[in-house]
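Below is one structure, written out as structure tokens, with a few remarks after it.
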Amino acid sequence: MADVVFFDLDGTLVDHRSAVWEAIGRIVQAAPNAVVSPDELAALWWALEARHMREYLDGECSFAEHHRRRLRSFLPMLGEPVPESPALLDAWITARYLTVFEESWRCYPDVQPCLETLKRLPRGPRLAVLTNGDPEQQRAKLARFGLLEYFEAVLTPTELGAAKPVAYASACRWMRTDPAQAVNVGDMLGSDVHAAALAGLTGIWLDRGVDFVTGGPSPTADESVLRIERLTDLPDQLSCVPRQSG
């Protein structure tokens with residue numbers, strides 16, 4: 001069995017996408033001056049999240065500033081004025097978006113049973129979370145659902161100095177393990193599975209039946225990809241992953 005198993009967080013342990021849609025849905029439905037439809041507003045928010053999150057991960061801005069950049073592009077389409085003050089933008093994000101977003105976090109029902117099974121395994125793997133999210137927010141999610149106790153580390157770009165996919169080598173060094181002895185589990189076929197494999201880890205794709213980015217059906221994977229549909233299938237899958245030497 002592997003020495004270390006890394007878990008992605010959003011879309012793997014916690015349903016990030018549904019929480020976003022819940023929060024932004026309330027905003028766009030109560031926007032009498034919007035210049036486009038509610039569906040277009042929701043799609044715009046999701047696109048802006050992807051764009052400005054990438055800027056944060058590339059080190060171009062802080063986590064708070066990535067929210068402000070998103071809002072500066074979004075508010076004109078919502079039909080609202082754009083405050084010049086960063087403090088006012090932060091206040092809008094907190095009151096109108098983050099409060100509902102955080103209330104809407106949901107842990108997938110297969111998470112704790114999976115972690116409990118792994119915890120009880122004799123000579124089982126060490127567990128860590130490897131996420132591109134903000135460290136404070138991501139730890140808050142894990143604490144909300146009583147998951148922190150299962151993980152030896154919660155690793156983000158703040159700790160590692162880089163985001164996935166570059167962060168895999170750094171994460172292995174942090175956990176004092178060789179990539180050949182590590183497994184990465186996540187819902188993103190490209191960044192969680194293929195990129196992990198390129199870094200020398202074994203990638204296992206958690207296919208929850210929806211594409212995290214588009215919301216459409218899951219992408220099609222090559223037959224060689226290790227795939228599970230539920231985290232509760234992970235322990236059996238891990239038993240088929242040989243520990244590599246060297």
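Residues that are open to solvent by less than 60 Å² (accessible area, probe 1.4 Å) and in contact (Cβ under 8 Å) with a residue 40 or more places away in the chain were ranked within the range 197-226; the one that is nearest to ASP110 (Cα to Cα) is LEU206. Looking across the range 190-212 at every residue that is in contact with a helix residue (DSSP H, G or I) (Cβ under 8 Å, 6 or more places away or on another chain) and at pLDDT below 85, the one that is nearest to ALA162 (Cα to Cα) is identified as PHE212.
In the range 62-73 there is at least one residue matching the filter, namely being in a loop (DSSP other than H, G, I, E, B) and either free of Cβ contacts under 8 Å to residues at least 60 places away in the same chain or more than 21 Å from GLY186 (Cα to Cα) (or both).
If the condition is being within 12 Å of MET77 (Cα to Cα) and either open to solvent by 60 Å² or more (accessible area, probe 1.4 Å) or of a type in the set (D, E, K, R) (or both), then the range 40-54 contributes only GLU40.
For the range 82-108, name all the residues that are under 16 Å from LEU142 (Cβ atoms) and open to solvent by 30 Å² or more (accessible area, probe 1.4 Å). If the condition is that a residue be under 16 Å from LEU142 (Cβ atoms) and open to solvent by 30 Å² or more (accessible area, probe 1.4 Å), then GLU102, ARG106, CYS107, TYR108 are the ones that fit. Scanning the range 180-196 for residues that are open to solvent by less than 30 Å² (accessible area, probe 1.4 Å) and among the small types (Gly, Ala, Ser) yields ALA180, ALA182, GLY186, ALA195, ALA196. When the residues of the range 1-39 are filtered to those that are of a type in the set (S, T, N, Q) and modelled with pLDDT under 95, the one that is most open to solvent (accessible area, probe 1.4 Å) is GLN29.
For the range 75-130, please list each of the helices (runs of 4 or more DSSP H) lying entirely inside it that holds at least 3 residues being in contact (Cβ under 8 Å) with a residue 12 or more places away in the chain and within 21 Å of MET175 (Cα to Cα).
111-120
The listed residues are THR232, THR177, THR158, and the only one of them that is of a type outside the set (Asp, Glu), open to solvent by less than 60 Å² (accessible area, probe 1.4 Å) and touching a residue at least 12 places away in the same chain (Cβ under 8 Å) turns out to be THR177.
Scanning the range 55-79 for residues that are open to solvent by 50 Å² or more (accessible area, probe 1.4 Å) and not hydroxyl-bearing (Ser, Thr, Tyr) turns up ASP58, GLY59, GLU60, ARG69, ARG72, PRO76, MET77.
Scanning the range 213-227 for residues that are closer than 14 Å to ASP187 by Cα and either modelled with pLDDT of 95 or more or out of contact with any strand residue (DSSP E or B) (no Cβ under 8 Å at 6 or more places or on another chain) (or both) yields VAL213, THR214, GLY215, GLY216, PRO217, SER218, PRO219, THR220.
Residues in the range 134-155 that are part of a loop (DSSP other than H, G, I, E, B) and either surrounded by 17 or more Cβ atoms within 10 Å (Cβ to Cβ) or acidic (Asp, Glu) (or both): ASP134, LEU147, PHE151, GLU152.
The values are calculated or read from the model by the stated rules, or taken from the named source; none is laboratory data. Remember, predicted model here, so these are calculated numbers, not experimental data. All Cβ positions, glycine included, derive from the backbone under ideal geometry; neighbour counts span all protein chains shown. Ligands, DNA and RNA are stripped out before the accessible areas are found, and what is left, the full protein with its side chains, is counted by its heavy atoms. Shrake-Rupley method; radii C 1.70, N 1.55, O 1.52, S 1.80 Å.
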